[in-house]
Amino acid sequence: MVLAELADHATQFLASGMESLDRLLGGGLSPGGVYLLAGEPGIGKSTLFLQIAGRMAAGGCRTLYLSGEEGLAQLKSRAQRLGLLSDSLLAVSTNQAEVAIDAMEDPKGGFDLVVADSIQTLGSSQ
């Protein structure tokens, strides 16, 4: 198939609340998209993820932060220091994939954004 012959599909991007990140991603986060951030330990990946999650939650996006390395008290403390606490920002601390999946299937409705920090910490008993 010739790409130029395909019908155009307008993509509705979700603004991350961080202009430079949205520009890097070509307009924002794409609904249904999966993004992987990798780097050396201690360079700020978790802080960046929390900033994205907190800003999107503040903008009205229902957001779930799955923390496999930090406890909820530590996560809340960082979010509080950064001014990111919001009723739309939910968090679960687990390294069990089944618990993470259950959290994503929240009966109150789906999430606009799910952050798994970090994906390599998730495992399954199955």
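One way to sum up the overall shape of the range 39-101 is the equivalent ellipsoid from its Cα gyration tensor, whose semi-axes run 17, 16, 11 Å, largest first. Among Phe49, Ser67, Leu85, pick out the residue whose Cα is farthest towards the positive end of the charge dipole of the range 19-126, where Lys and Arg carry +1 and Asp and Glu carry -1 on C-beta, about the Cα centre. Highest projection toward the positive end goes to Leu85. Within the chain, DSSP assigns beta bridges of which about 10% are antiparallel (rounded to the nearest 5). Between the amide H of Leu14 and those of Leu29, Ser30, distances stay under 5 Å, these residues lying 5 or more places away or on another chain, with hydrogens modeled in the peptide plane.
Put a dot 7 Å past the Cα of Lys108, heading toward its Cβ, do the same for Leu3, and the two dots end up 4.1 nm apart. Using the Cβ-Cβ distance between Thr94 and Ala15 with R0 set to 25 Å, the FRET efficiency works out to roughly 0.30.
What you get for the range 6-126, charging only the Cβ of Lys and Arg (+1) and of Asp and Glu (-1), is a dipole of about 360 debye around the Cα centre.
Helix 45-58 sits at what angle to the longest principal axis of the chain, using alpha carbons and giving 0 to 90 degrees rounded to 10? The angle comes out at about 70 degrees. A cut-off of 5 Å between modelled amide H atoms, ignoring neighbours fewer than 5 places along the same chain, links Ala91 with Tyr65.
Each reported figure results from applying straightforward, stated rules to the coordinates on display, with no laboratory input. Keep in mind that what you see is a predicted model, and the values were worked out from it rather than measured. Glycine gets a Cβ as well: all are built from the backbone with ideal geometry, and neighbour counts include every protein chain shown.
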